[in-house]
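The values are calculated or read from the model by the stated rules, or taken from the named source; none is laboratory data. Source: prediction; values computed, not measured. Note that each Cβ is placed from the backbone with ideal geometry, even for glycine, and that neighbours are counted across all protein chains shown.
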Amino acid sequence: MTRLVALLLALLVLTGCSGGSEPGSAPTPSSSPSASESTAVPPPPPPGERACYLLRYDAAVADHNHADPVSCRREHTAATYYVGDVRIPTEQRAAQQCPARLDGYLGGDAEARALTMLRPVWFTPTPEEVEAGARWFRCDVVALAADGRLAPLTGPVEGALDRPETRDQYAMCGTAEPGSRDFRRVICARTHTWRAISVVPFSARTYPGEAAVREAGQDPCQAAGAAVADDSLDYRWGYEWPTRDQWDAGQRYGRCWAPNA
């Protein structure tokens, strides 16, 4: 995926000047400059590193973005936290660096980040812009409201997970018990009945198999459910373990859930 702020490219026309002939001398023919000498296209400048954008979900997951930035004090759904300066901007380079750099931007620890709906997205220049000399990629953070929808970002997102109020603002909740037909992950500002409360990390380098990841979360999630329940003898809890596809995409943990208080 890749995205960028559009800028109108101006053509810089280079015109040659011919000198006059002295009296009695033969006229000097003027030569027309070649196309490569007469026109130069300046490379598009990189996007701002702390810009904000009002994007819809489909624009946020596109490869390129040409939306104009908006004031970060106004409604927005995406905030740029890093602009890479590279010789060859590629999707692969952005996909490696943007998720890694988001951790330091958001603050908090690995568990806090796994329990929010904040996600990185990234944009690269179009092939035409790369041809013109663009040498950047852009990393934005967005908040998922639900599948296919973005939530507005309010207040500064940098360091959001170091502050209890903003950490709760972007927390992950569920519309029903995990594993049930009606379960959907949503931001906790939306209607919900369950909440993600902790994670079960895995250290294996390869996927241990569904049976192993499912079994690994039973005791930890039961204990986590008991810890937040009003009645430690009568409570419910849930566990959402990583699938192989999620594992391959980088999710090396499961989530524990409990009914919303």
Condition first: touching a helix residue (DSSP H, G or I) at 6+ places or on another chain (Cβ under 9 Å) and polar (S, T, N, Q). Now tell me which residues in the stretch 62-101 satisfy that. Asn65, Thr77
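I'm checking my understanding of the structure. Among residues of the stretch 166-208 that are of a type in the set (Phe, Trp, Tyr) and touching a residue at least 24 places away in the same chain (Cβ under 8 Å), which one is farthest from Ala229 (Cα to Cα)? First the steps, then the outcome.
Taking the stretch 166-208 as the starting set, the residues that turn out to be of a type in the set (Phe, Trp, Tyr) are 170, 183, 194, 202, 207.
Still in the list and also touching a residue at least 24 places away in the same chain (Cβ under 8 Å): 170, 194, 202, 207.
Values: Tyr170: 22, Trp194: 12, Phe202: 26, Tyr207: 32 Å.
Among them, the one singled out is Tyr207.
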All positions within the stretch 164-195 that are among the basic types (Lys, Arg) and farther than 16 Å from Leu102 by Cα: Arg181, Arg184, Arg185, Arg190, Arg195
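Please find, among Arg214, Arg190, the residue that is assigned to a helix (DSSP H, G or I) and not assigned by TED's automatic domain parsing to the domain that holds Val141.
Values: Arg190 fails: assigned to a helix (DSSP H, G or I).
Testing whether each residue is assigned to a helix (DSSP H, G or I) and not assigned by TED's automatic domain parsing to the domain that holds Val141 leaves just Arg214.
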Considering every residue within the stretch 226-237, establish whether at least one is hydroxyl-bearing (Ser, Thr, Tyr), within 16 Å of Pro178 (Cβ to Cβ) and assigned by TED's automatic domain parsing to the domain that holds Asp182. yes
Just give me the residues in the stretch 229-248 being exposed (fewer than 11 other Cβ atoms within 10 Å of the Cβ) and either in contact with a Ser or Thr (Cβ under 8 Å, 6 or more places away or on another chain) or part of a loop (DSSP other than H, G, I, E, B) (or both), in sequence order. Asp230, Asp231, Ser232, Leu233, Asp234
Single condition Arg3 does not satisfy, out of (1) among the basic types (Lys, Arg); (2) more than 18 Å from Phe137 (Cα to Cα); (3) at pLDDT below 90: (2)
